[in-house]
């Protein structure tokens, strides 16, 4: 792993998603980052309609799983409106809804999950690199393997609870986490990702 990649991993603070109530429920727009679970939870508890509308390119898988699991436990609906995009970790939030609808003009994009951008993994990488330098690359590789295995296991458990086909992971895992694959509506329905019209 080059210094440029490590710099990318360690630098930059993402802007949290905007979470707002409106007459039809709650919107989550933007990148999913630390603290968004608390914002979504507070907004939905206070909302008149228990629907979460999504428009996000993704973000932290760990935060998305927190939101998705909570939505599932509380029986909330998730929606992707006209011209909205739900990509990457956003798809896990979407899968948390008991009822999941997506407008025909919306976009759903998937790729393999990655634990590389969570704070714990970044700190592990940083510590190994500071202590061992480039010679620590084998240790860094083992951290990547472990992070990938753990994030996949968490996603499998979540998808099983959500009723989304495990075939979802077969499709997503074939796409690098820096790329994306748009699901057709037919694929999304066959995977039971979209489960209502």
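Some notes on this structure:
- Residue within region 110-120 that is surrounded by 14 or more Cβ atoms within 10 Å (Cβ to Cβ) and more than 14 Å from residue 61 (Cα to Cα) present: no
- Matching residues, region 175-188, being farther than 25 Å from residue 104 by Cβ and either exposed (fewer than 12 other Cβ atoms within 10 Å of the Cβ) or touching a helix residue (DSSP H, G or I) at 6+ places or on another chain (Cβ under 8 Å) (or both): 176, 178
- Filtering 156, 144, 164, 128 for residues that are under 22 Å from residue 52 (Cβ atoms) and either modelled with pLDDT of 90 or more or out of contact with any strand residue (DSSP E or B) (no Cβ under 8 Å at 6 or more places or on another chain) (or both) leaves a single hit, 164.
- In summary, residue 94 fulfils each of the numbered conditions (1) touching a helix residue (DSSP H, G or I) at 6+ places or on another chain (Cβ under 7 Å); (2) buried (at least 20 other Cβ atoms within 10 Å of the Cβ) with the single exception of condition (1).
- Only listed residue being out of contact with any strand residue (DSSP E or B) (no Cβ under 8 Å at 6 or more places or on another chain) and without any contact (Cβ under 8 Å) to a residue 12 or more places away in the chain, chosen from 105, 135: 135
- Per-region count, region 62-78, residues surrounded by 24 or more Cβ atoms within 10 Å (Cβ to Cβ) and in contact (Cβ under 8 Å) with a residue 40 or more places away in the chain: 1
The values are calculated or read from the model by the stated rules, or taken from the named source; none is laboratory data. This one's a predicted model, so the numbers in the text were calculated from it and none came from an experiment. When we count neighbours, we look across all protein chains shown, and the Cβ atoms used for this are built from the backbone with ideal geometry, even at glycine.
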